[in-house]
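See below for the structure under consideration.
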């Protein structure tokens, strides 16, 4: 099954609150974005944002330039409907992150929670990192969260890659300075615990 077909099916058959990665408020993501010290006019891209509530919290916090990218149009529509009139203030991109052509040196913050670990093919990971290299400003901030070494080996019926802070940083290389890292024990809507690792880097 193609990636897009898979994720469209997920969001057509499940409520946003029924997917394992659902968070009512993504507190760690918000903490890291605030830690960057960016101003409210900074350009933020939420990769794999889909139906995530992070965009709601960013708008509520006063950030004015938020882009949400997801491969699933159904997921993006969930967020648009939820935001109502505020949806018009967001840039929505229905794209595959391994194929998208993003503007060069445009984003101040790149955020991804739970996309990168689905990239089990090395070529896809290289394309992802290349997209970060091209589209994030020099000195910009990259926040990526994946399953940690104690996390599940599969999610949503797909194999994943699990990471430590070092192995995740190694995927991005020396052009990215590791600033901070932390772990998270995420409780899914159906009562299971998933271990995540967060890495916050600066593009040098």
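The values are calculated or read from the model by the stated rules, or taken from the named source; none is laboratory data. None of the values given here were measured: they were computed from a predicted structure. Positions of Cβ are backbone-derived with ideal geometry, glycine not excepted, and every protein chain shown enters the neighbour counts.
Pull up segment 128-144, narrow it to residues that are surrounded by fewer than 17 Cβ atoms within 10 Å (Cβ to Cβ) and without any contact (Cβ under 8 Å) to a residue 40 or more places away in the chain, then point me to the one that is farthest from residue 198 (Cα to Cα). That would be 134.
Taking the criterion of being modelled with pLDDT of 95 or more and in contact with a strand residue (DSSP E or B) (Cβ under 8 Å, 6 or more places away or on another chain), the residues of segment 50-61 that qualify are 54, 55, 58, 59. Being surrounded by 15 or more Cβ atoms within 10 Å (Cβ to Cβ) and closer than 24 Å to residue 157 by Cα is a description that applies to residue 53.
Restricting to segment 1-49, what's the tally of residues that are part of a loop (DSSP other than H, G, I, E, B), modelled with pLDDT of 85 or more and under 19 Å from residue 80 (Cα atoms)? So the answer is 3. Looking across segment 149-175, the residues that are part of a strand (DSSP E or B) and surrounded by fewer than 21 Cβ atoms within 10 Å (Cβ to Cβ) come down to 154, 155, 158, 159. Kindly establish whether residue 185 is touching a residue at least 12 places away in the same chain (Cβ under 8 Å) and over 15 Å from residue 111 (Cα atoms). Against the criterion (touching a residue at least 12 places away in the same chain (Cβ under 8 Å) and over 15 Å from residue 111 (Cα atoms)), residue 185 does not qualify.
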